[in-house]
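**Student:** Quick one: structure below, then a few questions.
The values are calculated or read from the model by the stated rules, or taken from the named source; none is laboratory data. Owing to the predicted nature of the structure, the values given are computational and were not obtained by experimental measurement. All Cβ positions, glycine included, derive from the backbone under ideal geometry; neighbour counts span all protein chains shown.
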Amino acid sequence: MKVDQKTMVAHRAAILEQASRLFRRHGIDGVAVADITGAAGLTHGAFYGHFPSKTALAAESCRHSLERSAERWREYAATVKRAGADPIAALIDDYLTPAKRDSRERSCAIASLGHEASRDRDLRSAMAAGVDALAEVLQELIAERRPDMAPAAHAEAALAALAAMSGGLNLARLLSANPERSAAALRAAAALAKRAAE
C-alpha cells in the first residue's frame, strides 16, 4: 500500500525525533536502526525509505536536534526578557542543571554526542551546523547587551560561553560519583560561561 506524502513526512519526523532521543541517551553506537523504528512505531523496512544509512540518520538527527534547541533557546530568551530578567544567564543556568547532567536524553547533543561526532567527518559537519545555530542565539543576545563590541568579538564570546557550558556539563557527568564536586563543576562552568558572555 502506497503511503501518502503527509504520512511520509510524519514518519520521517518520528524517526528523527526518536533517533535524537535514543542517540543522546545511549550514544550512536549503542542504538540499532530497529530500536529507532520500533520507538517511532514503524517497521525496520520503513527506515530505508527515509534514510540511506544509520550514519546519514545520525548526521541529520544531530543537526536537527541542535537546530530545534536553538529555536527553544530563542523562545525561552524572549520569555525571560519579557519578564525583565537576563536571558543569557537564564539560558546558561537552564543548560547547567543537575537534571540535564543526569539525563543525557534531556540535554544538549553537543554534551551527549560531541565526543562521538568528533571522530566521524559526516557527523562532525552536521554537528558543526548545529553548534553554529546555538552560538548564533548567544551571539545575538551578546550583541544586544554589548553593541559597542565588534561582531567578531560577539562571535568569539558566544563560542567561549558555549564551550564552557558543554564542557562543564561533561565534566560534571565525569564527576557524578562525587555529588559535591559535580555540583561545583556545574557552578564553575556557569560562572565561566556568564563571564565569557559579558
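**Student:** Among the numbered criteria (1) more than 23 Å from V131 (Cβ to Cβ); (2) part of a helix (DSSP H, G or I); (3) of a type in the set (A, V, I, L, M, F, W, C), which single criterion is violated by A85?
**Tutor:** Exception for A85: condition (2).
**Student:** Kindly check whether there is at least one residue in region 76-83 that is within 18 Å of the chain's Cα centre (by Cα) and of a type outside the set (S, T, Y).
**Tutor:** yes
**Student:** Sticking with this one: Looking at region 150-177, which of the residues that are crowded, with 22+ Cβ neighbours inside 10 Å and of a type in the set (A, V, I, L, M, F, W, C) is farthest from A133 (Cα to Cα)?
**Tutor:** Top of the filtered list is A172.
**Student:** Within region 118-149, restricting attention to residues that are small (G, A, S) and under 20 Å from E75 (Cα atoms), which residue is surrounded by the fewest Cβ atoms within 10 Å (Cβ to Cβ)?
**Tutor:** A129
**Student:** Take S112 and decide whether it is in contact (Cβ under 8 Å) with a residue 24 or more places away in the chain and in contact with a Phe, Trp or Tyr (Cβ under 8 Å, 6 or more places away or on another chain).
**Tutor:** yes
**Student:** Here's something else I'd like to know. Residue by residue through region 29-39, note down the ones that are in a loop (DSSP other than H, G, I, E, B) and within 16 Å of A56 (Cβ to Cβ).
**Tutor:** Result: D29, V31, A32.
**Student:** Would you confirm, using the coordinates I've provided, whether T79 is touching a residue at least 12 places away in the same chain (Cβ under 8 Å) and among the polar types (S, T, N, Q)?
**Tutor:** Here the answer is no, as T79 does not meet what is asked.
**Student:** When you scan region 11-43, how many residues do you find that are surrounded by fewer than 13 Cβ atoms within 10 Å (Cβ to Cβ) and over 25 Å from K100 (Cα atoms)?
**Tutor:** Matching residues across region 11-43 total 3.
**Student:** If only one of R104, R74, R68 is modelled with pLDDT under 90 and on the phi < 0 side of the Ramachandran plot, which one is it?
**Tutor:** So the residue among R104, R74, R68 that is modelled with pLDDT under 90 and on the phi < 0 side of the Ramachandran plot is R104.
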